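*Asks:* Got a structure for you, written out below as structure tokens; questions coming shortly.
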Amino acid sequence: MSITALSFDDAIGRYEPVIGLETHVELGTQTKMFCGCPTVFGADPNTQICPVCLGLPGSLPVANKAAIEATIRIGLALNCSIAQWCRFARKNYFYPDMPKNYQISQYDEPLCVDGYLDVTVNGEIVRVEIERVHLEEDTGKTLHVGGATGRIHGATESLVDYNRAGIPLVEIVTKPVVGTGRMAPEVAKAYVAELRDVIRTLGVSDVRMEQGSMRCDVNTSLNLPGEEWGTRTETKNVNSLRSVERAVRTEIVRQSNVLSGGGHITQETRHFHEDTGETTSGRSKETATDYRYFPEPDLVPLAPDAAWVQELKAALPELPRVHRARLQKDWGLSDLDMQSILNAGAVELIEQTIAAGTNAETARKWWLGELSRKANETGVDLAAVGATPKQVAELQSLVDSGKLTDKLARQVLEGVLNGEGDPAAIMAARGIEVVSDTGALTAAIDEAIAANPEVAEKIRGGNQAAAGVLIGAVMKTTKGQADAKTVRELVLQRLS
Amino acid sequence: MATISREEVAHLARLARLAVTDAEIDLFAGQLDGILQAVARVGEVVADDIPPMSHSVPLVNVLREDVIKPSLTPAEALAGAPDAFENRFRVPQILAEEE
């Protein structure tokens, strides 16, 4: 290590990063990839296993048609070519997460190849090329026990739950992404976010990173300008969008410090630690030949014919990129406005608010204004801020019908965010309402006129701007629950 | 002439988690060699018009519908396990090279 540590800016000033992403997505099929066991998340240990997924002698796998179709649809959505003929392969290794001592995967014959996904970063479109999309089975979950720390290191035994073993898992591998420079961490994040949106739109997985149904490995290397690519590391355990960005950033900084200190990068697996944002060294990368891949003899080849693929292609939904472009047009927004909605993660929220009866401009105002501010203050995603699109729409309809002023609506929104219930209920519970009772208002206005005779005289003389003083006084008397516009009209009417 | 080296036998033994002695490596290298040469005779009849074959039946797209079938009970599933704990398979900690 060098004595003067390089910052991210230093690293980018000196080296060019090359990144690559391998993303695993657990498909949301009812059953596993090669057997009829259910795939419910969080079920009791070893309640969703059978002779096939346990690899018991005499059992034979049969591929799940829904999983094959889901993978082809992902491939099509990522602009890939679909293989006309391909095979599954056995990946042989000894680790108790697979009871068979091999994992059924695909090796040199993936189902989908050569696609791309366009992502937008800082208003710039970056094309991330896709190397392959293949199908495999997920592994079981191991729990390491016996050691003091509960980690692998020092553990004396492992407890294994095979419920997850055999769940269809799609692996999406990018080609190396070059030339993104200082944007590399954001490109990585934007790619994973876009991929997640695409897969969610296809409805083939719930793509929940925090539950592990979408998992990301990030490859990073650095090279001097004009020189060959450097040795890459593969960072595992990257399980949130924020972590994808941090992991790339951290590896760029770490590698630049190793290299500038005269050191060499070891090709290895590194583990990302969510709490510190650091990566630590794992095992050195086993070479591919160590897995002794060979064609899976228990499964016949897949040969999706053109008609089948065409049928799946014709049934693809509107993809997020196209969908967003359409929304932008419908909502009449500039690129910049749309980008700020995307950055805030507010597209779906605004869409749902509009669906619940609010116009685009007002829906946008709530989500990007008051609610974004609140989300930033409390450090949560906008979707988790505590108000639903339906509640926001209800709030706005109360404003539109004159039952709330903008100011009162913000008070009611506070209540919604505090978990006090829906807007109408909060109005009732807190006694918030616009004072529209003309009698009460007239009394308050008369009181204000009596207290400010000289102001009243000015207004009588035609100086309407002076009305502000009286309106302020009335608002004070009514504790802000009157509609200022109505008060103004009444004041002017009374003094005309 | 040997087509499989002592190093390759040692590598395969390590991958298969088999402890082999030096003497056994020599023995197995010879035996594996015999097996490989026997299988290699198949290659003598290979012609350009015969593609490599991984499956003996000319079937493709044997698929099942995505329909749930009953699983085993944990007791059934664990019946053949050497050891278990709270319905989980219990195995020795085996991956010293993991960290």
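The values are calculated or read from the model by the stated rules, or taken from the named source; none is laboratory data. Small disclaimer: the values here were computed from a predicted structure and weren't measured. Here the Cβ positions follow ideal geometry from the backbone for every residue, glycine too, while neighbour counts run over all protein chains shown.
*Asks:* Could you check, for the stretch A:283-299, whether at least one of its residues is crowded, with 18+ Cβ neighbours inside 10 Å and in a loop (DSSP other than H, G, I, E, B)?
*Replies:* yes
*Asks:* Restricting attention to the stretch A:178-198, which residues are among the hydroxyl-bearing types (Ser, Thr, Tyr) and assigned to a loop (DSSP other than H, G, I, E, B)?
*Replies:* A:Thr180
*Asks:* Do we find that A:Asn46 is under 20 Å from A:Asp298 (Cα atoms) and not basic (Lys, Arg) in this structure?
*Replies:* In short, no.
*Asks:* What's the total number of residues in the stretch A:393-430 that are outside any helix (DSSP H, G or I), polar (S, T, N, Q) and in contact (Cβ under 8 Å) with a residue 40 or more places away in the chain?
*Replies:* Total meeting the criteria: 1.
*Asks:* If B:Ala13 passes every condition in (1) within 8 Å of chain A (Cβ to nearest Cβ); (2) under 30 Å from A:Ser281 (Cβ atoms); (3) in contact (Cβ under 8 Å) with a residue 12 or more places away in the chain but one, which one does it miss?
*Replies:* (1)
*Asks:* Test each condition in (1) crowded, with 16+ Cβ neighbours inside 10 Å; (2) at pLDDT 95 or above for A:Lys175 and report the one that comes out false.
*Replies:* (1)
*Asks:* Kindly indicate whether A:Gly386 is of a type outside the set (A, V, I, L, M, F, W, C), free of Cβ contacts under 8 Å to residues at least 40 places away in the same chain and farther than 19 Å from A:Thr358 by Cα. Explain how you work it out, then say what you get.
*Replies:* Values: of a type outside the set (A, V, I, L, M, F, W, C): yes; free of Cβ contacts under 8 Å to residues at least 40 places away in the same chain: yes; farther than 19 Å from A:Thr358 by Cα: no.
So A:Gly386 fails the test.
Here is a yes/no grid of residues against (1) farther than 30 Å from A:Phe34 by Cβ; (2) at the interface with another protein chain (Cβ under 7 Å from one of its Cβ atoms); (3) among the aliphatic types (A, V, I, L, M):
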position: B:Thr3; (1), (2), (3): yes, no, no
position: B:Ala29; (1), (2), (3): yes, no, yes
position: B:Asp33; (1), (2), (3): yes, no, no
position: B:Glu44; (1), (2), (3): yes, no, no
position: B:Ala75; (1), (2), (3): no, no, yes
position: B:Ala81; (1), (2), (3): no, no, yes
position: B:Ala84; (1), (2), (3): no, no, yes
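*Asks:* Okay, next question. Kindly indicate whether A:Arg164 is within 26 Å of A:Ile125 (Cα to Cα) and of a type outside the set (Phe, Trp, Tyr).
*Replies:* no
*Asks:* Can you tell me which residues in the stretch A:306-325 are out of contact with any helix residue (DSSP H, G or I) (no Cβ under 9 Å at 6 or more places or on another chain) and modelled with pLDDT of 95 or more?
*Replies:* Result: A:Ala306, A:Ala307, A:Gln310, A:Glu311, A:Ala314.
*Asks:* Hey, B:His55 hits all of (1) exposed (fewer than 12 other Cβ atoms within 10 Å of the Cβ); (2) within 14 Å of chain A (Cβ to nearest Cβ) but one; which does it fall short on?
*Replies:* B:His55 satisfies every listed condition except (1).
*Asks:* Please verify whether the stretch A:104-127 includes one or more residues that are assigned to a loop (DSSP other than H, G, I, E, B), over 24 Å from the mean Cα position of the chain (by Cα), in contact (Cβ under 8 Å) with a residue 60 or more places away in the chain and facing chain B (nearest Cβ under 10 Å).
*Replies:* No, the conditions are met nowhere in the stretch A:104-127.
*Asks:* Here's another thing I want to ask about it. Suppose we filter A:Asn46, A:Asn64, A:Asn79 for residues that are modelled with pLDDT of 95 or more and away from chain B (no Cβ under 12 Å); which single one remains?
*Replies:* A:Asn79
*Asks:* Further question on the same structure: Among A:Asp275, A:Asp217, which is the only one that is within 28 Å of the chain's Cα centre (by Cα), assigned by TED's automatic domain parsing to the domain that holds A:Glu186 and part of a loop (DSSP other than H, G, I, E, B)? Even if it seems obvious, please write down each step before you answer.
*Replies:* Values: A:Asp217 fails: part of a loop (DSSP other than H, G, I, E, B).
Only one candidate qualifies: A:Asp275.
*Asks:* Identify the single condition in (1) farther than 24 Å from A:Pro297 by Cα; (2) at pLDDT 85 or above that B:Pro58 does not satisfy, given that it satisfies every other one.
*Replies:* Among (1) farther than 24 Å from A:Pro297 by Cα; (2) at pLDDT 85 or above, B:Pro58 violates only (1).
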